[in-house]
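Student: Structure incoming, see below.
The values are calculated or read from the model by the stated rules, or taken from the named source; none is laboratory data. All of these numbers come straight from a predicted model, not from anything done at the bench. All Cβ positions, even for glycine, are placed from backbone atoms using ideal geometry, and neighbour counts span all protein chains on display.
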Amino acid sequence: MKSKNIMELRLLSLSQNESFARSVVGAFATQLNPTLEEISDIKTAVSEAVTNAIVHAYPDTIGDIRIVAELSGNIIRVKVQDFGVGIRDIQQARQPFFSTANDESRSGMGFTVMETFMDEVIIDSTPAKGTTVEMKKSISKQDY
Amino acid sequence: MQIHVKHQSDIITAYLFGELDHHSAEEVKTKLDDAIRKYSDANLVLDLKNLSFMDSSGLGVLLGRYKKIKMYGKNMYIKNANKQVEKVFDVSGIYKIIKKIK
């Protein structure tokens, strides 16, 4: 593979797109020859970020979600961006079991899962402008 | 997402098929609650052998059902989680609350 590749995906914040979004990024990541576990990790982290955008960024509206994935060397970077309400307190949002959602299926573990399954998670958010979650993971070198 | 429920004496086994995320959470919640209500004198075993994917939305669904079944004085168990699902369970520490069985 050439040393760099980029893909971009734009979706509406509909819950039926959660599975589509994680599958697309997972499929793109296979270009780095990851292990099955590494693909699962990436898919799980993307699912969390996209679900957060659907549930929290656009609580009463349908908005755009932009996903950019970049492969460079053995590293994948995934950016999940929304243009919604933003996060008021990022520190608090990162805490395990913290959730502002009334929906009981939101366990408050989204960011904890992203941080565990990826090497690095950066959250950038501005109230009323939106949130960008950038995640990075190095893929192990495998012998064939 | 599909759920098959089998009731045998004092145990309900719910077999989950497919992917449990925020999108499928509501359906899973409703189907499990129906089974819990119908067989309120039984313990619930969730067989996750055919659950191919779960994210943190699944944790919320499972913990909610656990609370519900505890109100009936019964218990809930998890079995056969695949590697990806197991990793989400491990991160959350859910096994300190809901027991894993073989």
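Student: Please specify each residue of the range A:115-144 satisfying the condition of being assigned to a loop (DSSP other than H, G, I, E, B) and either of a type outside the set (Ser, Thr, Tyr) or farther than 20 Å from residue A:74 by Cα (or both).
Tutor: Answer for the range A:115-144, where residues must be assigned to a loop (DSSP other than H, G, I, E, B) and either of a type outside the set (Ser, Thr, Tyr) or farther than 20 Å from residue A:74 by Cα (or both): A:118, A:119, A:127, A:128, A:129, A:139, A:141, A:142, A:143.
Student: Give the residue, chosen from A:112, A:61, that is within 15 Å of the chain's Cα centre (by Cα) and closer than 27 Å to residue B:64 by Cα.
Tutor: The unique qualifying residue is A:112.
Student: State all residues of the range B:53-69 that are within 13 Å of the chain's Cα centre (by Cα), among the hydrophobic types (A, V, I, L, M, F, W, C) and within 14 Å of chain A (Cβ to nearest Cβ); if no residue qualifies, say none.
Tutor: Passing the criteria: B:54, B:59, B:61, B:62, B:63.
Student: Would you mind stating whether residue A:43 is basic (Lys, Arg) and within 14 Å of another protein chain (Cβ to nearest Cβ)?
Tutor: In short, yes.
Student: Return the total of residues in the range A:46-70 being away from every other protein chain (no Cβ under 13 Å), crowded, with 21+ Cβ neighbours inside 10 Å and of a type in the set (Val, Ile, Thr).
Tutor: Here the count works out to 2.
Student: Then there's this: Count, please, the residues in the range B:1-25 that happen to be at pLDDT below 95 and under 19 Å from residue B:63 (Cβ atoms).
Tutor: Going through the range B:1-25 one residue at a time, the tally reaches 1.
Student: Of everything in the range B:70-87, what is more than 19 Å from residue B:26 (Cα to Cα), part of a helix (DSSP H, G or I) and within 13 Å of another protein chain (Cβ to nearest Cβ)? Give them in sequence order.
Tutor: Hits for the range B:70-87 are B:83, B:84, B:86, B:87.
Here's the yes/no breakdown for (1) over 23 Å from residue A:55 (Cα atoms); (2) of a type in the set (A, V, I, L, M, F, W, C); (3) touching a Phe, Trp or Tyr at 6+ places or on another chain (Cβ under 6 Å):
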{"residue": "B:44", "(1), (2), (3)": "yes, yes, no"}
{"residue": "B:61", "(1), (2), (3)": "no, yes, no"}
{"residue": "B:69", "(1), (2), (3)": "yes, yes, no"}
{"residue": "B:74", "(1), (2), (3)": "yes, no, no"}
{"residue": "B:79", "(1), (2), (3)": "yes, no, no"}
{"residue": "B:83", "(1), (2), (3)": "yes, no, no"}
{"residue": "B:86", "(1), (2), (3)": "yes, no, no"}
{"residue": "B:91", "(1), (2), (3)": "no, yes, no"}
{"residue": "B:100", "(1), (2), (3)": "yes, no, no"}
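Student: Which residue pairs have Cβ atoms closer than 8 Å, lie 6 or more positions apart in sequence or on different chains, and pair a first residue in the range A:73-90 that is farther than 16 Å from residue A:49 by Cα and in contact (Cβ under 8 Å) with a residue 12 or more places away in the chain with a second residue that is of a type in the set (A, V, I, L, M, F, W, C) and surrounded by 17 or more Cβ atoms within 10 Å (Cβ to Cβ)?
Tutor: Filtered contacts from the range A:73-90: A:74/A:32; A:74/A:139; A:75/A:139.
Student: While we're on this one: Since residue A:113 meets every condition but one in (1) more than 9 Å from every other protein chain (Cβ to nearest Cβ); (2) hydrophobic (A, V, I, L, M, F, W, C); (3) buried (at least 20 other Cβ atoms within 10 Å of the Cβ), which condition does it not meet?
Tutor: (1)
Student: Are any residues in the range B:15-52 over 20 Å from residue A:104 (Cα atoms), part of a strand (DSSP E or B) and either within 12 Å of chain A (Cβ to nearest Cβ) or within 10 Å of the chain's Cα centre (by Cα) (or both), and if so, which ones?
Tutor: B:15, B:18, B:45, B:47, B:52
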